[in-house]
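The values are calculated or read from the model by the stated rules, or taken from the named source; none is laboratory data. Treat the numbers as computed from the prediction; the structure is a model and nothing was measured. Ideal geometry is used to build each Cβ from the backbone, glycine not excepted, and the neighbour counts take in all protein chains shown.
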Amino acid sequence: MRAVKVLERLLATIPIMLGVAIVVFLFMRLTPGDPVDIMMGEAGYVSEGEIENLRREFNLDKPLHVQLYLFLAGVIRGDLGNSYTKHAPVSELIAERLPATLELALGALIFGLVVAMPIGIVSAVKQYSVVDRVSMAGAFLGISMPAFWLGIILMLLFSVRLQWLPVAGRIDYDASLQAVTGLHVLDSILTGNKAALISSLRHLALPSVSLGAAMAATVARILRSSMLEVLRQDYVTLARAKGLVEFLVVTKHALRNALIPTVTVVGLQVGVLLGGNMIVETVFGWPGLGRLVVQAIFSRDFPLVQGAVMVYAFTFVMANLIVDVLYTYLNPKITL
Amino acid sequence: MEAQTTPLNRALYPFKLRLQLWGRNSLNLLRELGKQPSALLGGLLVVLFVLMAVLAPFISPHDPTKGNLREQLIPPAWEKEGNPKFLFGTDMQGRDLLSRIIYGARISLWVGILAVGISASIGTALGAVSGYYRGWLDTLVSRFADLLMAFPFLIFAIGMMAFLGPGFTNLLLALTLKGWVVFFRLARGAVMAEKTTEYVEAAKVVGQSNPVIIGSEILPNIFHSILVLGTLRMGSMIITEASLSFLGLGIQPPTPAWGSMVADGRDYLVTSWWIATLPGLAILVLVLSINLFGEGLRDILDPRLKVE
């Protein structure tokens, strides 16, 4: 039954994605400036024939609604067009860089959750204690800090001054790593390459922390506030009165319900991770999708920007779908 | 002395009453805020930043855009090679960092206020109308809002700046085009809830027209929620602007913006750490103060928004 509902929700995302594609397409086409002029920008004198060829190649000579149809048809096939500057299919370029971005996003997510969950729970259980006050002060700082600045500060402290961690990149040049999934940490574990594992973890550390800090702060705060609310409930008092061990009261009864609003927030924070991704990748020279998009923006490579924005939006929608499914596991009253 | 019951006075009376109530409520609010030290601190710092921004031409020691290359990369005054003439040091073009930071406050504050103000106005107006009248308008706008929510905020802003090009107005456009959604949802929900109350029914019975009901009766009651939400959103708007400027997509040189200053400083991080660090610190302190003030405001006005 649930599987059917999940499938239904999955199908419901299609109109959303269609809408996203249309919005992205419209923005690209409606911006001032002829795309061909932009492409030809630096090339100096170009013959009429070449311009016409380019127009035809990118379907720019057809009416707008035909262009939209061709674009959408391509998207469904997985064809996101060709990059203006790199002369390769956009989907290829994105797929190439996606594992790096995925690894960073996962690193940040794991860091964020690993930090936020214990802090949120302990702060709530021991309200007004030193741990609570310090954690909440730290969390408050975390939500007020721009990620790019945190990244730079961490870089200054750990890479430049203390020289404990590397400055940029994903892995040391001389670490020969077999690519299985594209995620260096996972690959080093799978191939038993200890040196590569250490190297990739050292490179992943600072970017993950920079990206995940704001998320950790937000999640810790919301978890604490939900836990506080839940711990006041009658059923918690009953569980304690029954003689249940405090640990079980907190985890089995309170946490499960406190996670409900928290999980929703995590879903939204995934969006923040996807966006902040671009910034952190730029700061740390991380060779991922985010940095590619920023470069594409400056080289006015619209198909690439367009394709990447759609990939990000799609990931966000999927993440929130997963959150909704998780939600039904946590709160049996809600059905999909 | 009695007030004369001229037609003008009679017409103005409800507004006068409203104004008095507003004044009294504001004073109460300030008194409540005064009881919370963190909110007070936040509010004070915000006022300081605003003053700094407004008085920038008078208090800034140097011209923020003119630099002397012979005075480049001077450390802050408290460092060994520092120079008290340049309190926060100079950047790679010899421009005084303190002056640039002072002027940078203008951009950040201006963007924050305008972005939030415009988003809140549009969002609240749309939300109130949608929530009150429902029907096809509501469905249309809600679906559009859902569609916009499929984009993560920064992705949307970066994408828009990519297509529109950099600059202050485009930046505002990018921020408000997505920013109105939260206000829309809040206003819509609140109006839908208020619609069922007795005072609205009473107003209808008396014969007040719908727009007047929305404007005069319902909106003042949801105003505080919008105010709180606006204050809480301002911090993230400012951070988003700084991030866009950092990437080079926001405010363009030579206008000093904190985000782009941090970006400039990146290449000099090893030798001249102050160029990147201090502007970022300014962002942190400003956003921190706004958040402190906003949270204090929320605790007093609308604790419902606590678990958002």
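Observations on the structure shown:
- Just one residue in the set A:Val280, A:Val250 is assigned to a helix (DSSP H, G or I) and either at pLDDT 90 or above or touching a Cys at 6+ places or on another chain (Cβ under 8 Å) (or both); that residue is A:Val280.
- Of the listed requirements (1) closer than 26 Å to A:Met155 by Cα; (2) modelled with pLDDT of 80 or more; (3) not aliphatic (A, V, I, L, M), A:Ser226 misses just one: (1).
- Any pair with Cβ under 6 angstrom, 6 or more apart, that starts in region B:146-167 at a residue that is over 15 Å from A:Gly290 (Cβ atoms) and ends at one that is surrounded by fewer than 24 Cβ atoms within 10 Å (Cβ to Cβ) and of a type in the set (Phe, Trp, Tyr): B:Phe163/A:Phe27
- Given (1) buried (at least 20 other Cβ atoms within 10 Å of the Cβ); (2) under 26 Å from A:Ala12 (Cα atoms), number of the condition B:Asp146 does not satisfy: (1)
- Residue check, B:Ser272 hydroxyl-bearing (Ser, Thr, Tyr) and either within 30 Å of B:Lys66 (Cβ to Cβ) or at pLDDT 90 or above (or both): yes
- Condition check for A:Gly275: within 14 Å of chain B (Cβ to nearest Cβ), free of Cβ contacts under 8 Å to residues at least 60 places away in the same chain and touching a Pro at 6+ places or on another chain (Cβ under 7 Å): yes
- Any hit, region A:298-321, residues being buried (at least 16 other Cβ atoms within 10 Å of the Cβ), more than 10 Å from every other protein chain (Cβ to nearest Cβ), of a type outside the set (Ser, Thr, Tyr) and more than 23 Å from A:Leu93 (Cα to Cα): yes
- For region B:176-187, the count of residues that are modelled with pLDDT under 85 and either under 22 Å from B:Gly248 (Cβ atoms) or over 24 Å from the mean Cα position of the chain (by Cα) (or both) is zero.
- Residue count for region B:249-263 under the criterion of being closer than 16 Å to B:Gly94 by Cα and surrounded by fewer than 20 Cβ atoms within 10 Å (Cβ to Cβ): the result is 3.
- Within region B:247-278, the set of residues being over 19 Å from the mean Cα position of the chain (by Cα), part of a helix (DSSP H, G or I) and not small (Gly, Ala, Ser) comprises B:Leu247, B:Met261, B:Val262, B:Asp264, B:Arg266, B:Trp274, B:Ile275, B:Thr277, B:Leu278.
- Residues in region A:122-150 that are in a helix (DSSP H, G or I), touching a helix residue (DSSP H, G or I) at 6+ places or on another chain (Cβ under 9 Å) and within 14 Å of chain B (Cβ to nearest Cβ): 14 in all.
- Filtering region B:198-216 for residues that are among the aromatic types (Phe, Trp, Tyr) and closer than 21 Å to B:Ile118 by Cβ leaves an empty set.
- Criterion: within 14 Å of another protein chain (Cβ to nearest Cβ) and among the hydroxyl-bearing types (Ser, Thr, Tyr) - qualifying residue of B:Thr169, B:Thr196: B:Thr169
- Test: B:Leu140 is surrounded by fewer than 20 Cβ atoms within 10 Å (Cβ to Cβ) and in contact with a Phe, Trp or Tyr (Cβ under 9 Å, 6 or more places away or on another chain): no
- Lone unmet requirement of (1) part of a helix (DSSP H, G or I); (2) free of Cβ contacts under 8 Å to residues at least 60 places away in the same chain; (3) of a type in the set (A, V, I, L, M) for A:Leu244: (1)
- Among the residues of region A:151-181, those that are in a loop (DSSP other than H, G, I, E, B), touching a residue at least 12 places away in the same chain (Cβ under 8 Å) and of a type in the set (A, V, I, L, M) comprise A:Leu165, A:Val167, A:Ala168, A:Ile171, A:Ala175, A:Leu177.
- Matching residues in region A:3-22 - criterion: being of a type in the set (A, V, I, L, M, F, W, C) and either at positive phi or surrounded by 14 or more Cβ atoms within 10 Å (Cβ to Cβ) (or both): A:Val6, A:Ile16, A:Met17, A:Leu18, A:Val20, A:Ala21, A:Ile22
- Total residues in region B:261-289, condition under 15 Å from B:Phe246 (Cβ atoms), within 10 Å of chain A (Cβ to nearest Cβ) and among the β-branched types (Val, Ile, Thr): 4
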